[in-house]
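The values are calculated or read from the model by the stated rules, or taken from the named source; none is laboratory data. All values reported here derive from a predicted model rather than from experimental measurement. Reconstructed Cβ throughout: ideal geometry from the backbone, glycine too, with neighbour counts over all protein chains shown.
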Amino acid sequence: MSTEDNTVDAGGSHHDDESSHGDIHAPGKAREAFRQVTKDVAWVAEAPKPHKLWLALFGIAVVLTMIGVYCIYVLVTTGIGVWGNSNTVCWAWDITNFVWWIGIGHAGTLISAVLFLTRQSWRTSINRAAEAMTIFAVMCAGLFPLLHTGRPWLAWWMIPHPNDMGMWPQFRSPLMWDVFAVTTYATTSILFWFMGLVPDLATFRDRCSARGQHLRAAIYGVVSLGWRGSARQWHRYERAYLILAGLSTPLVFSVHSVVSFDFATSQLPGWHTTIFPPYFVAGAIFSGFAMVLTLMLPARHIFNLKHIIKQNHIHAMCKILLATGMMVGLAYATEFFIAWYSGNIYEKFAFINRAFGPFWWSYFAMIGCNVLIPQFFWFKKVRENPVLVFILCIFVNIGMWFERFVIIATSLARSYLPGQWSYYSPTRYDVGLFVGTIGLFFTLFLLFFRFLPVIAMSEVKGVMPEAHAGKRH
Amino acid sequence: MSNADKHDHHDHDADEPQALPADGDLHGLLAEYDTPGELVEAARKVRDAGFTEFDCYSPFPVHGIDEAMGIKRTILPVLIFGGGFTGLILGLLLQWWTNAFNWPWNISGKPTWSIPANIPIGFETTILLSVFTTFFGMWTLNKLPQVWHPLFRNERFNRVTDDGFFLGIEAKDRRFDAETTTKLLSDAGAIGIDKIHLDPDPAKKVMPKWIFAVIAATTALALIPFAIAAKARNSKSSEPHIHIFADMDFQPKYKSDVAMDEFADSRANRGNIEGTVSRNPASLKADEAFYYGLEDDPTPAPEGAPVATGPAKRWITGFPKAVDADQRLMDRGKQRFEIYCTPCHGYDGRGAGTVPNRVAQGGGLWQAQNLVDPGKKLITIPNGQLFNTISNGAATMPGYAGQIPHRDRWAIVLYVRALQRAQNASLDDVPADQKGSIR
Amino acid sequence: MSHENTLHPDEKYKAGKLGSSLAKAGAGIAVVFLGISLILGSMHPDGHMRRFLYSFVIGWSYIFSISIGMLWLIILHYLVRGRWVTVVRRICEAMAGAFPLIFVAGLVFVIPLLAGYQDLYYWAHPDAANPELNHTMIHKLVWLNPQFFAVRYVIYGVGFSGLASYFRKWSRAQDASGDPAISEKLRIASAPAMILFSVLTCAAAFDILMSMAPKWYSTIYGVNFWGSACVGAFSALALITIGIQRTGRLTRSITPEHYHDIGKWMFSFTFFWAYTGFSQFMLQWYGNMPEETVWYKYRLFGEWQWVSIAMLIGFWAFPFVFLLSRWTKRIVPSLVFFAVWQLVFHWLDLYWNVMPQYDWQTVFHEGQKIVIGPLSGNTAMHHVGFSPIDVTVWLGLIGVFLVGVGRNLTGNLIPVKDPTLGLSLSHENV
């Protein structure tokens, strides 16, 4: 039976609780284990009163959201002038935040799709939350391009539709590509997430009806579409899940590549370089995993999910952070080398200016947080210390924000014409809106944690050793 | 095997005490198994016994059950390929039709039909339609959503999404027989077997009516905006637009000559602020000869002169004092003339420029003025009037005051005079010592 | 349905004479085709063995890329504790282990450079230092000069050979001792190995291929080369594995499941190559800066445009559509077809990268003939100029590669005591 266990255990995760489950083939044992998973996950949503810490965090998040709502109100009623943007630095915090948020979203897709395709079964403990994170991050991201147009209520002109003026969107513009890429991404993420939720919502439905909570059962029943776990349905469901994963993988690459095209198709020194697409994708995964850990470490602690989100899952994520951090570092180095190698004086200046110009502090914040800080993850002791990992991940989040700021603001502030050079400083509305999106993100995430299955129960059960209980050769 | 704990279930399995008052027809049998492995084995046995109308139910996809039940691979991937291909074609077609065909528009010199720039959106539409096909195709093939099903009437079945592993055989299978089938399931190691009955109320066997109502209501509500739009497009109204956002339609500003209470004189117009520099032509462009080609005239002013008040004016015939009519001015005039005037009037001034030529080729009737035709008044009009024509235009000719500075306009006047002279020259105009070279 | 978790008792997993026969066959191919190439090269009208050396750089990059592609797979396998690779890992190790020989083969173009050969890389030509012509590249002659190039070449040689032999040595040591600690040791080593690998690969691609057009630059070039290399490497792995099975070895251990995975990787990298290639092209096309677009100008106009179109359809669209299907990856004849197909197109990719730089323009300046270098002059006059040497050198170097692989195919063809072997044997695709 020990070999049998190995076949279902992920290549990447050696179970640390192998001794605890005893003989999984014994009568009732497997069912007991499955029941335990259901209980461990469902209690969070079924608890009659929310956790006190949850309430406190939710309160803070709502307050932060309100700050953002106020900033949007001022922005919409006054105009873009309330931001620190200028004719020279025409993109600043707005697009920095957009790229930052959308990058964070990518880790969710990566976990749900790429790790699924590469059979990293440890993903099952975090994929649901990571997918939720994707959706909320994309919602926050979408706000910025919308608002930075100045008149967000006219944004529907970006959707091609016949009109009296005979106008069409300009599809050769990378900004239009963005519209398509981000909406496709948001749609796909929501559908993928919902599809994964259906079997678990059915679990909630059945638990509610077993306890006689008919209204909740009816609500969960409608949203779970009448799922009944039939093998013939599971068959199509699994194919569809695999194919959605297969479609999401190139999609996630394309989305951040298209975001990088916004910059790289221009001729601005510091923006126009061919490594941007894969480099942005690596950076997105990097920041996204940092955010997953930032969210999941406290959640794991508060909701007592340590036996589902295991230490080796944290190890794996720290290693991915390390790997993607190195990729981003390699891209920084390549850019610098080619800036010299190209012989293009503007390109060379742009990079020297980044490191030693007026924005030097943001450049070194970026290098420090993205290249140096992740080096701590080499050490097992660090990876085993959740508090330290949490702090390091916050630094990575900061570093990745600075990366986008460095690319956007420093390049614009020192473009071809010295007469246009300027400096950029944010206003309180820039800061407030950013804070507001953080609030919105956490509000949505906390609501998700309260009312939906935060861990993909059916998937966790499917990769447990007990899933193979009772098999004979 | 786990038949040990079979009895405690079997006691009340004998005749399932349904919570509902009465049961309808028998839908089928539902057997529960202890482990996924036993479910797979049972499924194999049921299939080997020749059943086709049966299904397994489990909280997660059980490994190997497809093969044990003999489930055929779904055609979903083929549908998705079709969906993705359609997405690609539609995406590219959309971009071609809008940007290259219906509204071709030059953007930074890129071809209107720019395939490299069209690939990202083509890719996204491919993915989008593939995803739609996957998602909706999967639910459609699975015949979901279906929130009503006889199995949901069974209490035990509540655990199918938790820890239950079930095998259901439907009564409509031609091999179905309540007793032998029960035995088959029980021999396969079932820890509990229930009879599943349809709801006695025939209305509850199909989709509940309230779902119809919700769908109908939602559809009707969704159509309202379209109905409003359709009505608005097909009717006339004297009401102003509904301005949800004012944009620039209503701006907080005062137009000229309106009342304004803030000032003592209640006028929005304010007088000159102290230190304002006058832009009155009389003071800034005092040299009328240079700027307008005019001089004081005791006789009545010519028609069309720009200065309507003050003393009478007439066109000057010579050149203003500020301009030296020398060889430098002539050279300058030639150069400017060839830049600004030749497209219509031609190099020789006869009106055979590229523009009229092109008009003539296209069958048009418009012609440019012949500047040097001796029969026309252009030869005789004063220099000042010629200058004025260059500045303000005449007939179809636009004014060039915006493009050509004053001094250059005088240079052109000089050059036009030279052209008129040269094109209408007689042999007498040739210097005596060069007459021999003319043939 | 379920596969065994241990090696089948009847499985033939000893290499026996397989390696030496492969090496002999490879040596035969190498001697014949390189011999023909030398003769043809010396007869070529361009003289100075110029065509031969250009073809040699292409052929050498080809076997180099296949070898490092497999090295990448080995490192990745340890890094993520992969499963399915274990049964074919010995074959990967043999392919990656060809490296020291590949390094030696590359000396054929490195030594002439050191000896003052001017006609292969323009930066090695004295006219490259002409500040009037080349003011944008004078400064990089510090980097691109024969001596420093040779130093870096040695670094690449030592680096890749070292990595390949390290993983190969310990994997073999495990065959003897069965010590699971060795897997752990290699897993720990794989992290720094991956970093070293990435840096070396990007740098090697810049040096050996990108510097063929020394005034042109693209930051994604190394990544794109790696993508193409992996397409070639996985295709070669499929072919060699199937070939070994045809000799009656490993017939029970390597199943369609493993072919399915190899096919998946071929598919993924086909896509990845297209993705990086498109990123590079689209950004330079859109940016429309002369110093960048010149590289594409020579590939998208004149005769080269047909090669570019062939690449788009042959290296991407056709295999992409067909490898989408599950069955094209699992049925051996189909997989063989696509492996051969992609191997040919991988060569064409390298050819397309290098050969447009073959024509160097010259001008007369103050009575002196000055070489302006590649990518200058009239694109309409620019011919693909295919020569039989291109193919014979390629085949000859494949022979060299087979010698390198054959020399490593000794002892066990499967890591018999690897702790992940059971998982790999019973591996199944969903």
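Quick rundown of the values:
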item	result
Candidates A:307, A:313, A:256 - the one that is touching a residue at least 40 places away in the same chain (Cβ under 8 Å), surrounded by fewer than 19 Cβ atoms within 10 Å (Cβ to Cβ) and either under 18 Å from the mean Cα position of the chain (by Cα) or away from chain C (no Cβ under 14 Å) (or both)	A:307
Matching residues in segment C:124-160 - criterion: being surrounded by 21 or more Cβ atoms within 10 Å (Cβ to Cβ) and in contact (Cβ under 8 Å) with a residue 60 or more places away in the chain	C:128, C:134, C:137, C:160
Options A:465, A:418, A:426: the member that is surrounded by fewer than 22 Cβ atoms within 10 Å (Cβ to Cβ) and closer than 30 Å to residue C:5 by Cα	A:465
Residue satisfying condition, being within 26 Å of residue A:266 (Cα to Cα), at pLDDT 90 or above and assigned to a loop (DSSP other than H, G, I, E, B), within set A:180, A:171, A:144	A:171
Residue within segment C:331-338 that is surrounded by fewer than 16 Cβ atoms within 10 Å (Cβ to Cβ), more than 20 Å from the chain's Cα centre (by Cα) and among the polar types (S, T, N, Q) present	no
Identity of the residue in segment C:184-197, touching a residue at least 12 places away in the same chain (Cβ under 8 Å) and surrounded by fewer than 20 Cβ atoms within 10 Å (Cβ to Cβ), that ends up farthest from the other protein chains (Cβ to nearest Cβ)	C:185
Residue in segment C:239-257 that is more than 21 Å from the chain's Cα centre (by Cα), closer than 22 Å to residue C:9 by Cα and within 14 Å of chain A (Cβ to nearest Cβ) present	yes
Output for segment B:386-434, where each listed residue is outside any helix (DSSP H, G or I) and among the small types (Gly, Ala, Ser)	B:393, B:394, B:395, B:399, B:401, B:402, B:425, B:426
Matching residues in segment C:115-155 - criterion: being within 14 Å of another protein chain (Cβ to nearest Cβ), within 23 Å of the chain's Cα centre (by Cα) and part of a loop (DSSP other than H, G, I, E, B)	C:144
Candidates B:160, B:131 - the one that is outside any strand (DSSP E or B) and either within 37 Å of the chain's Cα centre (by Cα) or modelled with pLDDT under 90 (or both)	B:131
Matching residues, segment A:61-80, being farther than 15 Å from residue A:144 by Cα and either free of Cβ contacts under 8 Å to residues at least 60 places away in the same chain or in contact with a Cys (Cβ under 7 Å, 6 or more places away or on another chain) (or both)	A:77, A:78
Qualifying positions in segment B:220-234 - loosely packed, with under 10 Cβ neighbours inside 10 Å and of a type outside the set (Lys, Arg)	B:221, B:222, B:224, B:225, B:226, B:234
Condition check for residue A:460: more than 16 Å from the chain's Cα centre (by Cα), under 23 Å from residue A:130 (Cβ atoms), among the aliphatic types (A, V, I, L, M) and crowded, with 19+ Cβ neighbours inside 10 Å	yes
Per-region count, segment B:39-81, residues assigned to a loop (DSSP other than H, G, I, E, B) and either of a type in the set (D, E, K, R) or within 10 Å of chain A (Cβ to nearest Cβ) (or both)	13
Residue count, segment B:396-421 (criterion: touching a residue at least 12 places away in the same chain (Cβ under 8 Å), loosely packed, with under 14 Cβ neighbours inside 10 Å and either of a type outside the set (S, T, N, Q) or within 25 Å of residue B:290 (Cβ to Cβ) (or both))	1
Which numbered condition residue A:250 misses (of (1) surrounded by fewer than 20 Cβ atoms within 10 Å (Cβ to Cβ); (2) more than 9 Å from chain C (Cβ to nearest Cβ); (3) in a helix (DSSP H, G or I); (4) without any contact (Cβ under 8 Å) to a residue 60 or more places away in the chain)	(2)
Residue A:286 within 12 Å of chain C (Cβ to nearest Cβ), hydrophobic (A, V, I, L, M, F, W, C) and surrounded by 24 or more Cβ atoms within 10 Å (Cβ to Cβ)	no
Subset of segment B:160-178 (residues that are buried (at least 16 other Cβ atoms within 10 Å of the Cβ) and either of a type in the set (Ser, Thr, Tyr) or free of Cβ contacts under 8 Å to residues at least 24 places away in the same chain (or both))	B:161
Segment C:281-305: number of residues that are in contact with a Pro (Cβ under 8 Å, 6 or more places away or on another chain) and either of a type in the set (Lys, Arg) or outside any helix (DSSP H, G or I) (or both)	1
Candidates A:199, A:174, A:145, A:152 - the one that is touching a residue at least 40 places away in the same chain (Cβ under 8 Å), within 7 Å of chain B (Cβ to nearest Cβ) and either under 30 Å from residue A:80 (Cα atoms) or in contact with a Pro (Cβ under 8 Å, 6 or more places away or on another chain) (or both)	A:199
Residue count for segment B:354-388, restricted to those that are within 13 Å of residue B:343 (Cα to Cα) and among the basic types (Lys, Arg)	1
Subset of segment A:217-247 [charged (D, E, K, R) and buried (at least 18 other Cβ atoms within 10 Å of the Cβ)]	A:228, A:232, A:236, A:239
Residue check, residue C:223 farther than 23 Å from residue C:80 by Cα, within 14 Å of another protein chain (Cβ to nearest Cβ) and among the β-branched types (Val, Ile, Thr)	no
Helices (runs of 4 or more DSSP H) lying entirely in segment A:385-473 (those with 2 or more residues that are modelled with pLDDT of 90 or more and within 14 Å of chain B (Cβ to nearest Cβ))	A:457-462
Residue within segment C:163-181 that is at the interface with chain A (Cβ under 9 Å from one of its Cβ atoms) and among the aliphatic types (A, V, I, L, M) present	no
The listed residue being more than 7 Å from chain A (Cβ to nearest Cβ) and within 29 Å of residue B:171 (Cβ to Cβ), out of B:140, B:126	B:140
Check on residue C:183, among the hydroxyl-bearing types (Ser, Thr, Tyr) and under 21 Å from the mean Cα position of the chain (by Cα)	no
Breaking point among (1) on the phi > 0 side of the Ramachandran plot; (2) crowded, with 18+ Cβ neighbours inside 10 Å, for residue C:240	(1)
